[in-house]
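Heads up: the structure comes next, in C-alpha cells.
The values are calculated or read from the model by the stated rules, or taken from the named source; none is laboratory data. None of the values given here were measured: they were computed from a predicted structure. Note: ideal-geometry Cβ built from the backbone for every residue, glycine included; neighbour counts use all protein chains shown. Side chains included, ligands, DNA and RNA excluded: accessible areas come from the protein's heavy atoms. Shrake-Rupley method; radii C 1.70, N 1.55, O 1.52, S 1.80 Å.
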Amino acid sequence: SRDYSAPVNFISAGLKKSAAEDVSEEDSEEDEKPAKQEETPKEFVPKKLKTGGNFKPSQKGFVGGTKSFMDFGSWERHTKGIGQKLLQKMGYVPGRGLGKNAQGIINPIEAKQRKGKGAVGAYGSERTSQSLQDFPVVDSEEEAEEEFQKELSQWRKDPNGGKKKPKYSYKTVEELKAKGRINKQLSAPQKELSQVKVIDMTGREQKVYYSYSQISHKHNIPDDSPQQPLGKDSKPQGFALPELEHNLQLLIDITEQEIIQSDRQLQYERDMVVNLTHEIQKMSEVLSHEETAISNLSKVLDMVEECERRMQPSCENPLTLDECAKIFETLQDKYYEEYRMSDRVDLAVAIVYPLMKDYFKNWDPLKDCTYGTEIIAKWKSLLENDQLLSHGGQDLSTDAFHRLMWEIWMPYVRNIVAQWQPRNCGSMVDFLDSWVHVVPVWILDNILDQLIFPKLQKEVENWNPLTDTVPIHSWIHPWLPLMQARLEPLYSPIRNKLANALQKWHPSDSSAKLILQPWKDVFTPGSWEAFMVKNIVPKLGMCLNELIINPHQQHMDAFYWVIDWEGMISVSSLVGLLEKHFFPKWLQVLCSWLSNSPNYEEITKWYLGWKSMFSDQVLAHPSIKDKFNEALDIMNRAVSSSVGGYMQPGARENIAYLTHTERRKDFQYEAMQERREAENMAQRGIGMAASSVPMNFKDLIQTKAEEHNIVFMPVIGKRHEGKQLYTFGRIVIYIDRGVVFVQGEKTWVPTSLQSLIDMAK
C-alpha cells in the first residue's frame, strides 16, 4: 500500500526537464507511434492539416513545451503553404516576436515549483523573468500585489490576531434637534409598530425585544468555548458586558430625548411669544374700535334723548317732522354702523310715528293727491330695511318704513276708498299714480285687490248699457296701466251685457260702434272676433240683403253702414259678407244692363265707382279680385258677342283698355306686395336664397317654364269659370287650387307638372 501521508508538491504547469530527458521521451514516442497507429481504426485517425504534418508540441526544438521562434514555420518547407511569405510581407522578422512592436512571447509557459503546500498565488507571483519580459504590463507588480493583498484581507483573519479598534459615532446637538423634528412627524401606525414584541431566533438563544429599534442595539454573546490560558506573548481577550452597554445606551437615549424635548419646549415658547404679540396687537385694535363705538353710541344716545325731550308737551321748542328727518339723516351719515345696528323700528315708533300722525291728520287724498310724497320718500330712504327689500319680504316687525305706511298712511286710504265712487275714477287713479313709487309693492297690491277691484266689480254688475249715458270704458280703461290683468274677470260680464244690448240693434245706429271700438284692443283677439261674428256680422248681412242696386238711382246708405265696420270686423268676415250678400246682386245687375244696348262709358264709370268704394286691403283679397275680374270678363264677352247688332263707337276699345288697365294695376299691386314681403323677410334675417323659393303654385310653374325655355304668360281677356287662362308653350291651361287643367277636345283635364312640360316640348 502507498503512504498517502507524505507531502504533495503542487506544480503549476509540470516539472521543468532537461534537454536530454526531452530527447529520450521524443524517441520513445516515435517508437510507440507506429504501433498505436496500427491499432487505431482508420476512421478515428486525426486528419492532417493541409499546411503539413500534425503539430506536436513535444518535437525537438521546443523549450518547456514551446517551439523556439528560430524554427517557427520550418515544417512549411515540406508543403506548398505560403504562410511564412505572407507573414514576412506583413513585416515579420524571423527570430523576433509577433506584433507591431515584436512583443510576442518566445516561451509563453514555463514550469516553476512552489515552496510549500499552498494554493496558487499563496507564495507570490509564479511568473518567470522571461514571461515578465515577454508580457509587459502597464501597472506595476507592486500595485497589483497591493490590491490583491487588500482584497485577500477581507476574507482572511488578521495574522496578528489583534482586535479591531472600535469606531465611535458622534452626534451634534443640531443633528439631535433635526432627528427630533422628524420623529415628531411619526404617524400613529409607525408608533404602534415601534412597540411590537419581537422574538429573535437568529442566535444560539432565543431573545425577546419590545421594539424593532432594539434589534439594532443587540449585543453578541461570548462563545461557549473554554478560554485558553494567557501565554507569555498572548493578549487578554475582551469580555462582552451587555448589561453595561445597555445601561450606557439607555443613558445616551435619555440624554438625547432631554435635548429634543428642550428644543421642542424652546420652539413652543418662541411660537407662544409670537402668538401673544399678535393677540396683543389685535386686542389693541379691538380696544380702539370699542372705544370709538362707545363714543359714537354716547353721541347717538344724546341725540335720541334730545328728540325725546323736545317731544314732551311742556317743551317750548317742539320737534317737527322735517327736523326729525334731519336728525335721522345725521345718524345715517355720521354714525352709519350704529344706525344700522340699532333697533330702528322701536326708535321710529317712539319718535316718528306720533309726528307722522300729526302731519296727516287733516289730509284728503282725493283733493291733494301729492301731499306728503316728498317727506314720505325721504323717510323711505331712512327707515326701509335694504335686506328685507332685496328679499321682497313684508315683515312689519323688522322694517320700520313698511310698518309706518301700514299703520299711519293706510288708514287714511281705506277711509277715502270707502267713500269713493268708481265712476269718478280720475282723482283716485291720479292719487295712486303719484304714490306708486313711494308705497311698498305689497301695500299697493293690497289696495288694488282688496279695495279698488271689489268697488269696480260691484259697479259693473249695476251697469246697464241701454240706460247709462256714461260709457263703461270711460271709468274702466283708466285703471288698465295700474291693474292690467286684474281686470280680466270684469270683461266677461261686460261682453254679456253688450251682447244683450245689441239684440235689437240696427246698423244704422252708430252709437254701438262708439261703445265697442275702445274694447277692441282690450279684449283678446279670439274673444273679440267671436263677439263680432255672433253679434255684429249677422246684422250687417241683413243690411246688405236690403241693399237695392240700381245704376240709375242708387241709395248707398246701407252699403256705407256695412263698410263703416271694416276696421272693427276682420277682413275675412267682411269678404264673406260681400261674396254672399253683395256681389251676386251686383253681377246680375251688370249682366242685365249689358243685354239692353247700354252706354259703355256709363258702365265703365259705374264699374270704377263701385270698385273705388272698397279699400286696398279688401281689393287685395283674392275673392274680391276674382269678382271684379269676372265683371270685366262679362263686359268683354258682351262687347265681342254683339258683332251683327248696333255697337257704340269706341266701346270695344274702351272696354279693352279698361281691362288692360285694371289687370296692370292688379299685377303692379301684387308686385308691390311681394316686394314688401321680401323686405320684411330680409329685415327678419331671412337670406336672399329664401326669397327665391316659389311662394305659390303659379310661381313654381313659371320657374319650371324658365328652366325648359317655355313661354308662360296670361291670356288677356280670357277666363274659364273666373280663373285666368295661361299659355304654356302651345297649350292653354288654368290653375285652380294648386292643380293644372289642360284644355282638351271637349273638357278641361287635370294633369301633372311633368306631363305638362312633356306636352309643351
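If only one of GLU323, GLU305, GLU279 is exposed (fewer than 11 other Cβ atoms within 10 Å of the Cβ) and either modelled with pLDDT under 85 or not in a helix (DSSP H, G or I) (or both), which one is it?
Going through GLU323, GLU305, GLU279 in turn, the sole match is GLU305.
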Scope region 549-558; condition under 23 Å from ILE603 (Cβ atoms) and assigned to a helix (DSSP H, G or I); matching residues: ALA558
Residues satisfying the stated conditions in region 739-748, i.e. out of contact with any Pro (no Cβ under 8 Å at 6 or more places or on another chain) and exposed (fewer than 13 other Cβ atoms within 10 Å of the Cβ): GLY744, GLU745, LYS746, THR747
For LYS605: the one exception among (1) more than 24 Å from LYS718 (Cα to Cα); (2) open to solvent by 70 Å² or more (accessible area, probe 1.4 Å): (1)
Any hit, region 724-731, residues being without any contact (Cβ under 8 Å) to a residue 12 or more places away in the chain and open to solvent by 40 Å² or more (accessible area, probe 1.4 Å): no
Those residues of region 705-723 which are in a strand (DSSP E or B) and either open to solvent by 40 Å² or more (accessible area, probe 1.4 Å) or not aromatic (Phe, Trp, Tyr) (or both), in sequence order: MET713, PRO714, VAL715, ILE716, GLY717, LYS718, ARG719, HIS720, LYS723
Matching residues in region 557-593 - criterion: being free of Cβ contacts under 8 Å to residues at least 12 places away in the same chain and over 25 Å from ILE515 (Cβ atoms): PRO584, GLN588, SER592
Any hit, region 724-744, residues being modelled with pLDDT under 80 and of a type in the set (Lys, Arg): yes
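To keep it simple, each residue is scored yes or no on (1) closer than 26 Å to ALA418 by Cβ; (2) open to solvent by 50 Å² or more (accessible area, probe 1.4 Å).
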| residue | (1), (2) |
| --- | --- |
| HIS473 | yes, no |
| GLU488 | yes, yes |
| ARG495 | no, yes |
| PRO507 | no, no |
| TRP519 | no, no |
